[in-house]
Amino acid sequence: MSNSESAFEMLFRAEYAGTVRLATLLGADDPENLAQEAFVRLHDRWDKLSDPAAAGGYLRATVTNLARSRHRHLKVVRRWSRPQPEPVHDAELIALQRADHRAIIAALQQLSDRHREALVLRYWLDLSEKDIAAAMGVAQGTVKSHVSRGLSALRTILDTTSGGPS
């Protein structure tokens, strides 16, 4: 096994679970496949990376973009198809939906894609505004706006569903 293959394998072992969690939190209906696709795309470019330390950022950006594309695709599909039965969720999603997280996850799903992406990247992955901007493909000021507006909308949703402020 070459050094390049070994480095990629180590990155996969270190980052795979996190990319699946990110895809799940971004609302992907198939988070494992989305994470695998991100790694396939990274692997295809692995030898061309100028800075292998940037691979984590590349993965986050790829997962974010794939989730965004998937949401757009599903909106079109839903518009033209009959209602389907509720999907069966994977074990990780069920674990995330413990009683204390259920309301937040449901509220996140009601946010716009951009607001949800910004909040998940900021508060679940604890990324800096610079890293969030890179993952979302927007300016840092736009990240601040999305986080602020997303928090405000999330607060409103949670207040409404809980019957008012706690």
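The values are calculated or read from the model by the stated rules, or taken from the named source; none is laboratory data. Note that this is a predicted model, so its numbers are computed, not measured. Note: accessible area is taken over every heavy atom of the protein model, side chains too, but ligands, DNA and RNA are not part of it. Shrake-Rupley method; radii C 1.70, N 1.55, O 1.52, S 1.80 Å.
Worth a mention:
- Value at 222 nm in deg cm²/dmol, rounded to 500, when DSSP H runs of n ≥ 4 in the chain each add -39,500 (n - 2.57): -23500 deg cm²/dmol
- Within the straight-line cut-off of under 28 Å between alpha carbons, the lysines reachable from Lys48 are Lys130, sequence neighbours fewer than 8 places apart in one chain being disregarded.
- Taking 0.36 nm per residue of separation and subtracting the Cα-Cα distance, full extension of the segment from Leu158 to Ala7 would add 50.1 nm.
- Accessible-area rank, largest first, for Arg116, Arg149, Arg45, Arg13: Arg13, Arg149, Arg45, Arg116, with all protein chains present and a 1.4 angstrom probe.
- Of the listed residues Trp124, Trp46, Trp80, the order by accessible area with a 1.4 Å probe, largest first, is Trp80, Trp124, Trp46.
- Using a probe of 1.4 angstrom and keeping all protein chains present, the accessible surface of the chain works out to 62 square angstrom per residue.
- Dividing the convex hull volume of the alpha carbon atoms of the range 20-70 by its residue count gives 62 Å³ per residue.
- Over 30 Å [Cα-Cα, the chain], rounded percent: 21 percent
- Against the main long axis of the alpha-carbon atoms of the chain, helix 3-25 sits at an angle near 10°.
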